[in-house]
Amino acid sequence: MTRLSSLPVIKLFCSWRQARCLSGFPGTLLFVIAVLLSGGLPIDSQASDTVTKERYAVISSKATASLLLDITRLPDSKRLVVVGDRGHILFSDDDGRSWQQSRVPTIQMLTAVTFPSGGVGYAVGHDNLILKSEDAGENWQRVYRDIEMQAPLLDVWFRSEQQGLAVGAYGTILSTDDGGQTWTDIRDSINNEDEFHYNGIASDGLNNLYLAGEAGILYHSADAGKTWNTLTGPYEGSLFGVSASRDEVIIYGLRGNVFRSQDNGKSWLALASGTENSLFGSLLLDDGSSFLVGTSGTVLSGLTGRWQITHREDRMSLSALAEASDGAIVVVGQGGVKRINGKNQ
């Protein structure tokens, strides 16, 4: 993909994480950009694909350089899994040096992926699509899709192989307790009358869940998503993501805004990111350091709030990142997937 100027890049990444991330942007922006990215109408939405025939992602040697939006490392494993445009899912067993493409029954854009165990994983995307893998990401099956919603799911979290949540545009939040066999729309459990988009969901590894999104909306659940409380957020602009550990919660979004809470979201401290580039992905490490990535190839690294700023030479924007078993950081975004050095990027 060719380099884009600053504003189009922001619009592009807004299409991945939400449709109305800038004030006044129409909800249809997401679908317009999806058409531009795919070179035509999303094929999964066409009548020929909605009856009986599945459209599988094309196996391509160029998939590692395609538009990729999320990455995760499987628990207690070296395996990394990435997802992105045209239904691409890839996995690596050598810390991101080489990749194999998975068999995936869609060519829709996939936005997020998670693995609650070393074998079972879930991915979400456009058309309220949810996929499941039971072989560590090598093969996938569709377990949910709602084309009539005309909206994407933007993030996914699972407490176990059976229990999880998928969140997305227009206040969508879906719940399953049976490993994805059935899904329940639980949007009425959260106070979001304006149907703002949910862009990110994260757990601290205990029972605390955090949900962040459009217009600075923030929510906290102390019981793994059964009930939710609205938090008083520190920022009225859009938040693109959230990361949590037992000690802190980090939220981030437009124009380099980053905030930290160490009391389960009751209060927030603004952190100096040193950039006005929008931030889309984050990673908290056990040693107290963290990484954030965003537009123009921005990479923040170091102790939380004391980051050093670097940029990828090609200035392609970055969407998400994960730590490989050898300590390297593997990033995805425009131009696909790349390894960077965790200590000296």
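The values are calculated or read from the model by the stated rules, or taken from the named source; none is laboratory data. Everything quoted here is computed from the prediction, not taken from an experiment. Neighbour counts are summed over all protein chains in view; Cβ atoms, including those assigned to glycine, are modelled from backbone coordinates with ideal geometry.
In this structure, does ALA222 turn out to be under 25 Å from GLY121 (Cβ atoms), at pLDDT 95 or above and hydrophobic (A, V, I, L, M, F, W, C)?
Criteria not met by ALA222.
Can you tell me which residues in region 139-196 are farther than 24 Å from ASP85 by Cβ, aliphatic (A, V, I, L, M) and assigned to a helix (DSSP H, G or I)?
Hits for region 139-196: nothing passes.
With the structure loaded, tell me whether GLY233 is within 20 Å of ASN192 (Cβ to Cβ), part of a loop (DSSP other than H, G, I, E, B) and touching a Ser or Thr at 6+ places or on another chain (Cβ under 9 Å) or whether it fails that test.
So GLY233 fails the test.
State all residues of region 66-99 that are free of Cβ contacts under 8 Å to residues at least 60 places away in the same chain, farther than 14 Å from ASP135 by Cα and not acidic (Asp, Glu); if no residue qualifies, say none.
VAL83, ARG86, GLY87, HIS88, SER98
The conditions are (1) touching a helix residue (DSSP H, G or I) at 6+ places or on another chain (Cβ under 6 Å); (2) surrounded by 19 or more Cβ atoms within 10 Å (Cβ to Cβ); (3) not in a strand (DSSP E or B), and PHE240 fails exactly one of them. Which is it?
For PHE240, the failing item is (3).
Any idea which of SER282, SER319 is touching a residue at least 60 places away in the same chain (Cβ under 8 Å), not aromatic (Phe, Trp, Tyr) and not in a loop (DSSP other than H, G, I, E, B)?
Exactly one residue qualifies, and that residue is SER319.
Yes or no: region 82-93 includes at least one residue that is assigned to a strand (DSSP E or B), surrounded by fewer than 24 Cβ atoms within 10 Å (Cβ to Cβ) and at negative phi.
yes
With at pLDDT 95 or above, of a type in the set (D, E, K, R) and surrounded by 15 or more Cβ atoms within 10 Å (Cβ to Cβ) as the only criterion, which of GLU323, GLU276 stands out?
Step by step, each of GLU323, GLU276 is checked, and only GLU323 is at pLDDT 95 or above, of a type in the set (D, E, K, R) and surrounded by 15 or more Cβ atoms within 10 Å (Cβ to Cβ).
Under 6 Å between Cβ atoms, which residue pairs at least 6 apart in sequence (or on different chains) link something in region 175-186 that is surrounded by 14 or more Cβ atoms within 10 Å (Cβ to Cβ) with a partner that is charged (D, E, K, R)?
GLY179/GLU161; GLY180/LYS132
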